[in-house]
Amino acid sequence: MDSHRNESQRESEMVTKPHFVVIPWLATSHMIPIVDIACLLAAHGAVVTIITTPASARLVQSRVDRAGDQGTSRITVTTIPFPATEAGLPEGCERVDHVPSPDMVPSFFDAAMQFGDAVAPHCRLMSQRRPNCFVAGISHTWAHVLARELGTPCFIFHGFCAFSLLCCEYLNTHKPHEAVASPDELFDVPVLPPFECRLTRRQLPLQFLPSCPIEDRMRELREFELAVDGIVVNSFEELERDSAARLAAATGKKVFAVGPVSLSHSPTVHDPRAAASDDAKRCMAWLEAKEARSVLYVSFGSAGRMPPAQLMQLGMALVSCPWPVLWVIKGAGSLPDDVKEWLRENTDADGVADSQCLAVRGWAPQVAILSHPAVGGFVTHCGWGSTLESIAAGVPMAAWPFSAEQFLNEKLIVDVLGIGVSIGVTKPTGGVLTGGSGEEKVDVGTEQKGPPFSFLHCNREHTPTGRMPLPPPPIHSVAPRAS
Ligand code: UDP
């Protein structure tokens, strides 16, 4: 009886409530916040259809499920097949972090365009109700054409913060990077005076690099940015000084700062991949035994990898730290045997070595880790998701940008907000765009300003207790928005 009433209530809501179609970009780290945004829309009364591919359905659905019953009955997760093999990709390669090597990135983007061709008829024929609004992930550049055809507004979700988007808008408009003689020459990106923002061409997001492997796709991205009705950012206006308002002025678009979306539900150690859940539980149990604010958390996002030699150097620094370290390693399975052996002997990866350094080789429950009282600092690649999660948890950062817009985020963290220190990396690290091996076509970013990990050594001298002396974050007052 109840289920019948719920069903008829749902049917009537489908007709009366606004209907959002949310299409996450096909990368794990993009799906996490945009699905949270979909849940927030539903919690505010909207009907939401999330369109994804079969390989991501479980990830998306599990995130929806954990949002509880706040409107999630109004969310439908729809899967449309992704033409991976048709584009020459391995079967099941349906997220950019699945792409096995950088030279397959163009094929992945081709497949993503074909995916758009398959999504379009589905949206035209949506049985219950036509969409009132599209929110599309960064490289679903076809979404605005579909939205126009259906007479519906379309918003873009880049996954970037407002400050980085503002920098990109400046670069697109003024092109200072095209006037420099070398990739290492510094130029100004004066978007937020009086803060200085000086960058090199090497440090820019992919679309500004002269050797961009997906130049045509990046041109389409720019057309998409110019065509959309507005921009959704996982951030909040008070955080990034005036960036959101300046971005709205610079682009002439509406900018909706709706974050930090990681605070919209409580952190969990649950992970849809069963094997990873054990890792997650082990992390949390290990943290439980540590003193408050004593642990350094080291992680480089959903796909950040570095060449094995660099990983070993980092490992040697981390195992010699006087405080406990929780280190997340991606792509550990494809490391050379001697590096695997070194990890086994020198870290607590298998509970064998007597080490203060726990190496997690799978997926770590990052939001739960950052919110744990034992964590005192975060060495991060400055992906915006990680940065905002760290800010939301009040954890100071040591910035080691890898690529994409991460050097821009570093400027925000270190120079604008003063909530982190720079490790001093000046060049990109690891592979471009993918979770691939990181050894192909890489520009290994080992050049550093000071001695490697100088911030660790300097802290060690001043820490007779072995506790991290990083200052408390100056943004305690940043409270989660009541949703
Ligand atoms: N993440 C996680 N566990 C991991 C690695 C990453 O939960 O082991 C999550 C992290 O919490 C964040 C996202 O993956 O939400 C990474 O996004 P970010 O923008 O920082 O980096 P990207 O992966 O895009 O480089």
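The numbers here are math on the coordinates, done by the rules we state, and not lab data. What you are looking at is a predicted structure, and each value in this text was computed from that prediction instead of being measured. Here the Cβ positions follow ideal geometry from the backbone for every residue, glycine too, while neighbour counts run over all protein chains shown.
Electrostatic bookkeeping for A84 treats Lys and Arg as +1 and Asp and Glu as -1; over the other residues with beta carbon under 11 Å from its beta carbon, the sum is -3.
Size descriptor for segment 2-263, Kirkwood hydrodynamic radius: 19.5 Å (Cα pairs only, one decimal).
Listed cross-link partners K290/K330; K254/K427; K17/K254; K175/K253; K175/K330; K290/K427 are compared with a 26 Å cut-off, the Cα-Cα value being larger for K254/K427; K175/K330; K290/K427.
Sort 153-160, 58-65, 88-95 by the packing proxy (mean of other Cβ within 10 Å over each peptide's residues), most packed first.
Details: 153-160: 23.5, 58-65: 18.6, 88-95: 17.1.
Ranking the peptides 153-160, 58-65, 88-95 by packing returns 153-160, 58-65, 88-95.
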